[in-house]
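See structure below.
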Amino acid sequence: MTAADPLGRVRRKQRPLMTPEGVPLLIELPDPGERLVAFVADVCISMAAAIVILMLGWLIAGMFRDVGPFAFTLPAALLMSFLARNAYFIFFELRWAGATPGKRLFGLRVIDRHGGPLRSGAVIARNLTRQAEFFFPIELLLITKGWLWSPWDVLLAGLWLAAMGTIVLRTPDRLRAGDLIGGTVVIALPKKFLLEDLARETAQFEFSPAHLEAYGIHELQVLEEVLRQPNNEEKARLLHDIKARIERRIGWDRPVPERETETFLRDFYTAQRAFLERRKNIGEERRDKHYRDTTGLIEH
Amino acid sequence: MSAVTLKSREFRQERESGWRELEELIGVARTMGIRALSNDDLRRLPLLYRAALSSLSVARAIALDRALVAYLDNLALRAFLVIYARQLPVVDSIREFLARSLPRAVRGMRVHVALALGMLALGIVSGFALVNHDEGWFSVMVPAGMAQGRGPASTRAELLRVLSTQSQSGSALLTLANYLFSNNTLVSLLLFGLGFMAGIPTLLLTLGNGLMLGAFLALHYHRGLLGEFTGWVSIHGVSELGALTLFAAAGLKLGELVLFPGEHTRTDALSLYGPRAGEVAVGGVVMLLVSAVLEGVFRQVIASTDARLAIGAASLLLWTLYYVRAGRERKP
């Protein structure tokens, strides 16, 4: 399911993950774009490390050109840089519990798809598969004699990459082939902060139940979203609009001074939330303004 | 002015300090590792985690403050990961994998391994029989890139030169580095990766590799070089063929999961049993690395056919012992 934000921004795909304690937690799946960016960052970091190793090897090989064992240095450095490139992902995903530097930078984590511990076999498998999924066709493209002379190599690599991309886009949890084999999933885990409670302790404006029946949970949360926006002209305009619409809809007849717009809306938010929470508590969930009490059992 | 009572706000005020404390512990565990926590903190962590889960359940039921529910969801998930998805010590994980998981995974797929070995053997025998009968078959079974000039037209001396060529010692590791990108990597990836297609490409490729080896054997046999060639190829070939067998077995397992997912959906079947196949394929990578070292270094250094054969036989024995014996539960 895709949770669309009340203000129309599209949020990440979500799905529940069952904990052993029996409380489902919502995990967010990153966009393929986010994963790609993190991956590119990782490739850059590991390549940089590999190049540094290579340079050092070159330096040492140059200094000891005539000394026997150091004749091995350059090829050894080649090998080391190959290993650095390949061991990088495995090392960090084991050491940092499913995060590489790139993933950490963009708030992504690899977790076990069923909520269990991340096993070392799974980490190794998902990363070696990447070699087949991605690096191999890229290398094929790089070493191919050219687009004109060997169209088959290009076609093969292109088809392979397309097939791998399709797997990511078509599986419900956006899994790479490596995730399929490793039983893992990549989630977005940005740190969220506890925001202040918008409800006010005391109210300057008072609303009767008749006023509060006009709206439901959806409208309440849109209002919450707007009130939480940083203060700027755009927000002031939005608040003004919303105030006017609320006044019209609930039939508010005492004029509210312009400078008290925010107080009015905060009070309305508080009263509305108190009302809807009480209603929800007795089993009447007013989803939105179209809610109609069809049972006739609950007295207002 | 009048006071407003809001259950969700009271609830938040009561529990907030616990959430903050949990957040702090998670922060320490994430940045400095779980070992940085004191004993007292370690005792508090699961309690706070469960309290956060219960807060989340309550908040979902009573609170309409979206930011609050989102925060609790995020907090509980991060705490869950600190507790259940531990950081793994790299060296220990790798030792555990080699000492236990890998040989167990291979034993768990012995049917697939046997099938792959059977296919390989069938290829070798048929390749040998065909080329033995008529050397014209050689070029059908061995692509030109692989043959590198060797073929029905080669003389005994030419073949012998290939078998005993020593490369410069300095470039031994370079050979090794090259080897890692070479044909074997491609073949093994295809063996494993194409397993998704019901395992059929895997079977055919295994057969094809067997045919190639059989053809080479027959070519050298005709020129009285069977012993030399066997030594030349077995020093690393045992590990290499072992690797190909493991890749093929893992590919066949994937094919089986796609064809017969049993009572699961295909995605679920893959996620449940796929990791096992993945581990076996990783075993193939390990064997390829060993074979690269053997080919890149030892074959260049050791020229005697007897010594080469001895190393080949020893590696066969060691690999077999490893996969059959290693990581078994000790009987009490």
**Request:** Sort out which residues of segment A:12-37 are crowded, with 17+ Cβ neighbours inside 10 Å, out of contact with any Phe, Trp or Tyr (no Cβ under 7 Å at 6 or more places or on another chain) and in a loop (DSSP other than H, G, I, E, B), and write them in order of number.
**Result:** A:Val23, A:Pro30
**Asked** If only one of B:Glu23, B:Glu10, B:Glu16 is facing another protein chain (nearest Cβ under 10 Å), closer than 30 Å to A:Phe205 by Cα, in a helix (DSSP H, G or I) and of a type in the set (D, E, K, R), which one is it?
**Response** B:Glu16
**Asked** Going through segment A:102-139 one residue at a time, which ones are more than 8 Å from chain B (Cβ to nearest Cβ) and more than 24 Å from the chain's Cα centre (by Cα)?
**Response** A:Phe135, A:Pro137, A:Ile138
**Request:** Determine whether segment B:265-279 contains at least one residue that is within 13 Å of chain A (Cβ to nearest Cβ), more than 20 Å from B:Gly193 (Cβ to Cβ) and either surrounded by fewer than 23 Cβ atoms within 10 Å (Cβ to Cβ) or not β-branched (Val, Ile, Thr) (or both).
**Result:** yes
**Message:** Checking the structure you have, find out if any residue of segment A:145-152 is in contact with a Pro (Cβ under 9 Å, 6 or more places away or on another chain), assigned to a helix (DSSP H, G or I) and surrounded by fewer than 16 Cβ atoms within 10 Å (Cβ to Cβ).
**Reply:** no
**Prompt:** Given the conditions (1) at pLDDT below 90; (2) touching a Gly at 6+ places or on another chain (Cβ under 6 Å), which single one is not true for B:Arg328?
**Reply:** (2)
**Asked** Taking A:Glu196, is it more than 20 Å from the chain's Cα centre (by Cα), in a loop (DSSP other than H, G, I, E, B) and either under 30 Å from B:Ala76 (Cβ atoms) or among the aliphatic types (A, V, I, L, M) (or both)?
**Response** yes
**Asked** Just to be sure, is A:Asp267 at negative phi, loosely packed, with under 14 Cβ neighbours inside 10 Å and either away from chain B (no Cβ under 11 Å) or touching a residue at least 40 places away in the same chain (Cβ under 8 Å) (or both)?
**Response** no
**Item:** Search result, residues across segment B:308-332 that are free of Cβ contacts under 8 Å to residues at least 24 places away in the same chain and either touching a strand residue (DSSP E or B) at 6+ places or on another chain (Cβ under 6 Å) or of a type in the set (Gly, Ala, Ser) (or both)
**Value:** B:Ala310, B:Ala314
**Prompt:** Among the residues of segment B:96-110, is there at least one that is in contact with a Lys or Arg (Cβ under 8 Å, 6 or more places away or on another chain) and free of Cβ contacts under 8 Å to residues at least 60 places away in the same chain?
**Reply:** no
**Asked** A:Ala274: among the small types (Gly, Ala, Ser), in contact (Cβ under 8 Å) with a residue 12 or more places away in the chain and in a helix (DSSP H, G or I), yes or no?
**Response** yes
**Prompt:** Does at least one position in segment A:204-213 carry a residue that is surrounded by fewer than 17 Cβ atoms within 10 Å (Cβ to Cβ), without any contact (Cβ under 8 Å) to a residue 40 or more places away in the chain and in contact with a Ser or Thr (Cβ under 9 Å, 6 or more places away or on another chain)?
**Reply:** no
**Fill in**
Taking first residues from segment B:76-91 that are within 7 Å of chain A (Cβ to nearest Cβ) and second residues anywhere that are among the small types (Gly, Ala, Ser) and outside any helix (DSSP H, G or I), the pairs with Cβ under 6 Å that are 6 or more apart or on different chains are B:Ala85/A:Ala97; B:Gln87/A:Ala97
**Prompt:** How many residues does segment B:16-27 hold that are under 21 Å from B:Pro89 (Cα atoms) and surrounded by 14 or more Cβ atoms within 10 Å (Cβ to Cβ)?
**Reply:** 2
**Message:** Can you say whether A:Ala177 is within 12 Å of chain B (Cβ to nearest Cβ) and under 21 Å from the mean Cα position of the chain (by Cα), as far as the supplied structure shows?
**Reply:** yes
**Complete:** Looking across segment B:53-68 at residues that are buried (at least 17 other Cβ atoms within 10 Å of the Cβ), more than 7 Å from chain A (Cβ to nearest Cβ) and under 15 Å from A:Val23 (Cα atoms), the single one that is farthest from the chain's Cα centre (by Cα) is B:Ala59
**Prompt:** Does at least one position in segment A:133-152 carry a residue that is in contact with an Asp or Glu (Cβ under 6 Å, 6 or more places away or on another chain) and modelled with pLDDT of 80 or more?
**Reply:** no
**Message:** Restricting to segment B:28-39, name every residue that is at pLDDT below 90 and surrounded by 13 or more Cβ atoms within 10 Å (Cβ to Cβ).
**Reply:** B:Ala29, B:Arg30, B:Gly33, B:Ile34, B:Leu37
**Fill in**
Of (1) out of contact with any Phe, Trp or Tyr (no Cβ under 7 Å at 6 or more places or on another chain); (2) part of a helix (DSSP H, G or I), A:Phe268 satisfies every one except (1)
**Residue check, A:Phe92 in a helix (DSSP H, G or I) and modelled with pLDDT of 85 or more** = yes
**Message:** Looking at segment B:281-291, can you tell me whether even one residue there is more than 14 Å from chain A (Cβ to nearest Cβ), out of contact with any strand residue (DSSP E or B) (no Cβ under 6 Å at 6 or more places or on another chain), touching a residue at least 24 places away in the same chain (Cβ under 8 Å) and part of a helix (DSSP H, G or I)?
**Reply:** yes
**Fill in**
Every listed condition ((1) under 24 Å from A:Gly182 (Cα atoms); (2) in contact with a helix residue (DSSP H, G or I) (Cβ under 9 Å, 6 or more places away or on another chain); (3) surrounded by fewer than 22 Cβ atoms within 10 Å (Cβ to Cβ)) holds for B:Arg44 save (1)
**Request:** Give the residue that is farthest from B:Gly242 (Cα to Cα), with candidates limited to residues of segment B:197-227 that are surrounded by 21 or more Cβ atoms within 10 Å (Cβ to Cβ) and not aliphatic (A, V, I, L, M).
**Result:** B:His220
**Request:** Among the residues of segment A:180-196, write down those that are in contact with a helix residue (DSSP H, G or I) (Cβ under 6 Å, 6 or more places away or on another chain), crowded, with 17+ Cβ neighbours inside 10 Å and within 8 Å of chain B (Cβ to nearest Cβ).
**Result:** A:Leu180, A:Ile181, A:Gly182, A:Gly183, A:Leu194
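The values are calculated or read from the model by the stated rules, or taken from the named source; none is laboratory data. All of these numbers come straight from a predicted model, not from anything done at the bench. Because the Cβ atoms are built from the backbone with ideal geometry, glycine has one as well, and the counts that use them run over all protein chains shown.
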